[in-house]
Amino acid sequence: MLWQRLAVHQAAHAVGWLCLGLGTIEKITIEPPKAGLAVGDREFGDLTEELLATMLVWILSGRAAEQEILPACDAAETHDEIELANEFAFALEATPDFARKWPLLYRPKADRPVLLALEPGLRSLVNARLDTAYEAARQEVVRQQAAIVFLAKKLLVRKTLEGPELERLFEEVKRHMAP
């Protein structure tokens with residue numbers, strides 16, 4: 001079951017990366033402890049609210065895929081991804097110009113736990129960002145389920161995909177992707 005969870009999780013990340021057009025994926029592996037994607041260099045330019053919100057959805061897509069495609073099991077322990085998602089959501093609410101509450105107030109990232117503990121309103125806004133992003137990730141997983149399942153099956157067989165083999169496989173994956 002662990003292999004299946006890893007395969008679905010990483011397949012969702014890869015399909016999401018392809019859907020978002022975020023750049024080249026050079027390698028996908030479900031081999032612990034380095035399960036994940038290796039992507040080529042990508043310049044994102046300005047960190048806009050839209051880009052950060054998009055990345056937040058992408059970060060949560062693996063967990064959403066586990067829960068949608070493998071509903072009989074709980075999502076795997078993805079504490080690193082949840083922590084990263086929390087950092088993105090906090091950055092969106094604590095960064096001047098992105099924040100919905102007090103958009104001109106600077107809130108240092110290093111003080112995140114203290115600020116969240118002292119400011120329940122901020123905590124609610126960060127949680128709302130996370131809930132919204134997770135729902136978007138879940139909807140995209142449902143929309144792209146055929147491509148995710150197709151890629152997950154290939155990952156279960158090969159464990160690691162890279163190079164020309166991965167490029168060929170992505171052409172097949174794209175045929176399974178919803179528009």
Which residues qualify? For Val39, with a placed amide H closer than 5 Å and at least 5 residues away or on another chain, they are Glu26
For 120-130, 11-21, 157-167, 54-64, ranked highest to lowest by mean beta-carbon neighbours within 10 Å, the order is 54-64, 11-21, 120-130, 157-167
On the formula 1/(1 + (r/R0)^6), with r taken between the Cβ atoms of Phe98 and Thr24 and R0 of 30 Å, the FRET efficiency rounded to 0.05 is 0.60
Taking a crude spin-label model, label points 7 Å out from Cα along the C-beta direction, the Leu84 to Glu31 distance in nm is 2.0
Filtering trypsin sites (Lys or Arg not before Pro) in segment 1-42 by DSSP loop and by at most 15 other Cβ atoms within 10 Å leaves Lys34, Arg42
Taking only the Cα positions of segment 123-179, the convex hull volume per residue in Å³ is 108
Given a Förster distance of 45 Å, the FRET efficiency implied by the Cβ-Cβ spacing of Val39 and Asn127, rounded to the nearest 0.05, works out to 0.95
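Readers should treat all values here as calculations from the given coordinates under stated rules, not as data from a laboratory. Remember, predicted model here, so these are calculated numbers, not experimental data. All Cβ positions, glycine included, derive from the backbone under ideal geometry; neighbour counts span all protein chains shown.
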